[in-house]
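The values are calculated or read from the model by the stated rules, or taken from the named source; none is laboratory data. Since the structure is predicted, the reported quantities are computational estimates derived from the model, not experimental observations. Positions of Cβ are backbone-derived with ideal geometry, glycine not excepted, and every protein chain shown enters the neighbour counts. Please note that ligands, DNA and RNA were not included when accessible areas were found on the heavy atoms of the full protein model with its side chains. Shrake-Rupley method; radii C 1.70, N 1.55, O 1.52, S 1.80 Å.
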Amino acid sequence: MTACAHCGSDVGPASPAGPEFCCRGCQGAFALVRGMGLDGYYRRRSIDPTLRPLRPDDDVGPIDYAPHVKLAEDGTASLHLMVEGMHCAACVWLIESLLAKQPGVIEARLNMTTRRLVVRWQPQENDSNALLEPVNSIGYRLQPYDPARLGRESERQEKELLRAMAVAGFAASNVMLFSVSIWAGADGSMDWATRSLFHWLSALIAMPAMLYCIRPFARSALTALMAGRTNMDVPITIGVTLASSMSLWETMRGGEHAYFDAAISLLFFLLIGRYLDSRARGRARSAAEHLLSLNAAAVTVLLEDGSRRLLPPDQLTLGMTVLVAPGERIGADGTVIDGVSEVDTSLLTGETVPTEATPGTAVFAGTMNQAAALRVTVTAVGEHTLLSEIVRMMEVSEQGRAKYVAVADRVARYYAPVVHVMGLTTFLGWEIFTDTPWQVALLYAVSVLIITCPCALALAVPVVQVVASGRLLRQGILLKSATAQERLAHVDTIVFDKTGTLTLGRPELIADGGYSDEDLRLAASMAAASKHPIARAIARAVQGVAVADGVREIPGCGLERGEIRLGSRRWLGLAEETGGEGGPELFLARPDHAPVRFAFSDRPRPDAVEVVETLKRRGFRIELLSGDRAGTVAAIAAELGIADWRAACSPADKRDRLIELQDQGRKVLMVGDGLNDAPALAAAHVSMSPSSAVDVSQTAADVIFQGHRLGPVVEALAVARKAGSLVSQNFVLALCYNMITIPMAVIGMVTPLIAAIAMSSSSVIVIVNALRLSRGRNG
């Protein structure tokens with residue numbers, strides 16, 4: 001018998017393949033401990049059998065970050081970390097600022113929704129542990145990025161808020177009973193001794209409750225103050241502390257201005273707002289975080305001797321053979337070498353129909369094997385998988401610094417000094433220029449501190465970006481540019497390429513008898529060197545064709561190998577045919593041989609007619625630019641209802657047309673092949689490209705959509721316009737809130753309790769408004 005490598009329980013006969021585990025939980029904990037460099041834990045447990053098994057969420061002390069550092073080809077080092085203890089946009093600014101000041105740091109970016117921190121630096125100027133020490137020293141905790149742990153941290157924080165909210169609510173309800181009695185006796189029917197007794201009873205209930213319930217705010221405030229900074233929790237903590245301290249002082253001296261009911265009720269409603277804010281953010285949680293959680297927890301590796309071994313995905317290496325059982329997620333990118341099954345790729349491509357997987361099929365990490373067992377050879381692991389590439393693109397799109405984000409960042413950075421001065425000015429104004437008691441003036445100042453918290457303004461943009469990115473991802477739409485959403489919202493003209501964009505991009509060679517087998521084999525060997533859809537069609541026509549050497553691809557023209565050319569009629573200088581509808585075609589030209597024509601059929605995408613009609617109905621100007629000959633382009637344009645089209649366009653011609661449109665003041669969306677139309681895509685205001693999964697990281701477009709439908713173009717434009725509208729609405733809501741409530745608080749029309757309700761409600765309203773984008777259809 002052998003014992004579980006983590007908890008020590010019996011798991012059966014020993015295996016030479018490696019560590020054995022009694023369950024997947026122990027296997028995950030074992031991988032976590034090893035990954036954090038805590039192997040000594042197992043040595044200690046062998047000496048002390050009573051030592052409790054270590055769990056993944058245990059506090060294990062200082063972390064050595066060196067094993068998690070990844071070195072790039074350019075010599076830079078990077079770390080992907082999770083930040084615990086982050087609460088607001090000011091925390092993001094503080095952490096990024098601290099890291100930016102460290103020697104050798106190239107970039108430090110923190111995503112507020114996923115709490116994922118990416119740091120890049122020059123390893124010869126700094127090491128990982130020294131680099132991150134300033135952040136750890138002010139109270140934040142940095143962990144190797146783990147979506148499961150992030151979920152547990154969010155759950156832990158929400159449970160803490162719920163407990164604090166329950167305690168505050170219980171205390172507030174009981175203190176309010178005494179306060180009602182005191183208010184009832186304010187006409188003189190209650191003597192001094194009874195009032196003092198009720199104040200002391202209120203203090204005995206409220207003060208312990210406030211010490212317990214203020215912790216979520218006080219910890220965050222203390223962290224910021226220790227770093228010489230302020231955040232949104234500093235004025236909250238100051239306000240609650242001032243109100244409760246003043247009330248205790250009044251009680252001790254027998255005064256009448258004790259406001260324990262207001263102080264504990266203020267804290268109660270602040271906790272309600274913080275909890276609702278956390279839950280709403282959870283609903284808007286980044287699609288990137290969700291994608292990361294899709295990766296397999298463990299992978300079954302088939303060893304050369306036929307035995308099996310369970311490994312975490314990050315320990316896989318290229319060339320390993322893994323077994324994927326039905327119902328399991330694939331742990332790495334690879335190629336199927338044995339088995340026939342169906343793979344659910346909906347979360348990566350937006351396609352609901354499972355994809356058939358047979359020997360030779362490429363499969364990707366995070367997708368689900370549905371029907372039968374597969375054997376897969378690993379071709380990419382870790383940060384090099386398609387899943388990780390999509391996650392990186394999602395994070396770029398979610399934390400892009402658009403113009404509204406810059407405004408919100410500046411407000412979050414500078415609001416604290418302004419609000420503290422405003423609170424002090426309010427107190428001094430009421431104390432100096434009126435006969436108001438200083439205790440009441442202090443409550444007015446507390447109201448100003450609470451109500452001016454710019455949480456709503458800081459959330460106005462990020463929450464919309466996160467919700468929009470998640471909705472687009474569910475449709476198989478990926479944003480590669482951080483500002484693509486904002487630019488899509490301004491589009492008024494859409495220019496389409498034809499082959500592979502309006503059409504399916506899978507033309508089939510027509511066996512019309514106009515070529516010989518020798519012609520076809522030569523053309524196929526040259527075409528195998530290209531990724532153009534028509535070239536691929538020729539290559540598919542000859543099974544197992546070898547790729548010819550020395551083939552050079554000339555964008556927009558064709559392929560060249562010495563004096564042999566395979567390309568368009570125009571490039572080869574052949575006369576244009578008159579009459580006839582025509583279709584996609586290529587010509588093979590060789591010395592001393594007549595040109596050989598290969599004809600193809602390529603049908604429009606199933607929803608192309610509907611999409612073009614919808615776009616025209618919504619006021620977009622539509623153009624078609626194609627490199628094909630006039631007869632082919634005219635036929636497609638007529639079928640789809642596009643009146644403005646141009647044929648025989650080279651990549652330079654397309655680029656020049658887009659520049660011409662932009663000179664006319666047009667905001668142009670170019671939808672084309674991201675592999676061949678790079679000049680036109682770069683010249684457009686914003687660009688989209690249909691792409692298969694394997695081409696995601698290669699295309700030059702700002703936005704990529706997958707699948708066989710053209711509908712994602714409509715969806716992306718609609719979501720972008722709706723997102724822009726929601727951002728504007730959120731800014732108006734946040735600014736109106738501040739313009740209305742701050743003057744009211746300064747002139748004494750808002751109590752601390754009302755301020756807490758208003759401040760919490762503003763944040764929740766902004767988030768709920770953004771969540772409207774996650775459901776329904778956009779007109």
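Taking the criterion of being part of a loop (DSSP other than H, G, I, E, B), touching an Asp or Glu at 6+ places or on another chain (Cβ under 9 Å) and not aliphatic (A, V, I, L, M), the residues of the stretch 504-523 that qualify are G505, R506, P507. For the stretch 619-641, the criterion of being free of Cβ contacts under 8 Å to residues at least 40 places away in the same chain, touching a Leu at 6+ places or on another chain (Cβ under 9 Å) and open to solvent by 20 Å² or more (accessible area, probe 1.4 Å) is met by none of the residues. Flag: K616 matches the condition of being basic (K, R), assigned to a helix (DSSP H, G or I) and on the phi < 0 side of the Ramachandran plot.
Would you check which residues across the stretch 498-522 are under 41 Å from the mean Cα position of the chain (by Cα) and not aliphatic (A, V, I, L, M) and list them? Please lay out each step first, then the result.
Pass one, the stretch 498-522, residues under 41 Å from the mean Cα position of the chain (by Cα): 498-508.
K498, T499, G500, T501, T503, G505, R506, P507, E508 - these are the residues of the stretch 498-522 that are under 41 Å from the mean Cα position of the chain (by Cα) and not aliphatic (A, V, I, L, M).
Within the stretch 201-241, the set of residues being closer than 21 Å to I272 by Cβ, part of a helix (DSSP H, G or I) and of a type in the set (A, V, I, L, M) comprises I205, A206, M207, A209, M210, L211, A218, A221, V234, I236, I238, V240.
If you go through the stretch 476-522 and pick out every residue that is closer than 19 Å to D602 by Cα, open to solvent by 20 Å² or more (accessible area, probe 1.4 Å) and acidic (D, E), you end up with 2. Do the conditions hold for A108, that is, is it at pLDDT 75 or above and out of contact with any helix residue (DSSP H, G or I) (no Cβ under 9 Å at 6 or more places or on another chain)? No; evaluated as a whole, the condition is false for this residue.
When S525, S530 are screened for being buried (at least 19 other Cβ atoms within 10 Å of the Cβ), without any contact (Cβ under 8 Å) to a residue 40 or more places away in the chain and under 38 Å from the mean Cα position of the chain (by Cα), only S530 passes.
Test A594 against the criterion of being under 27 Å from Q662 (Cα atoms) and either open to solvent by 20 Å² or more (accessible area, probe 1.4 Å) or within 40 Å of the chain's Cα centre (by Cα) (or both), and give yes or no. Spell out how you get there, then give the answer.
Working: under 27 Å from Q662 (Cα atoms): no; either open to solvent by 20 Å² or more (accessible area, probe 1.4 Å) or within 40 Å of the chain's Cα centre (by Cα) (or both): yes.
For A594, the condition - under 27 Å from Q662 (Cα atoms) and either open to solvent by 20 Å² or more (accessible area, probe 1.4 Å) or within 40 Å of the chain's Cα centre (by Cα) (or both) - is not met.
The residue that is surrounded by the most Cβ atoms within 10 Å (Cβ to Cβ), counting only those in the stretch 197-228 that are within 15 Å of M176 (Cα to Cα) and among the small types (G, A, S), is A206. Is there a residue in the stretch 87-100 that is in contact (Cβ under 8 Å) with a residue 24 or more places away in the chain and either more than 27 Å from F217 (Cβ to Cβ) or part of a strand (DSSP E or B) (or both)? No, the stretch 87-100 has no match at all.
Scanning the stretch 650-670 for residues being touching a strand residue (DSSP E or B) at 6+ places or on another chain (Cβ under 7 Å), of a type outside the set (K, R) and surrounded by fewer than 24 Cβ atoms within 10 Å (Cβ to Cβ) gives a total of 2.
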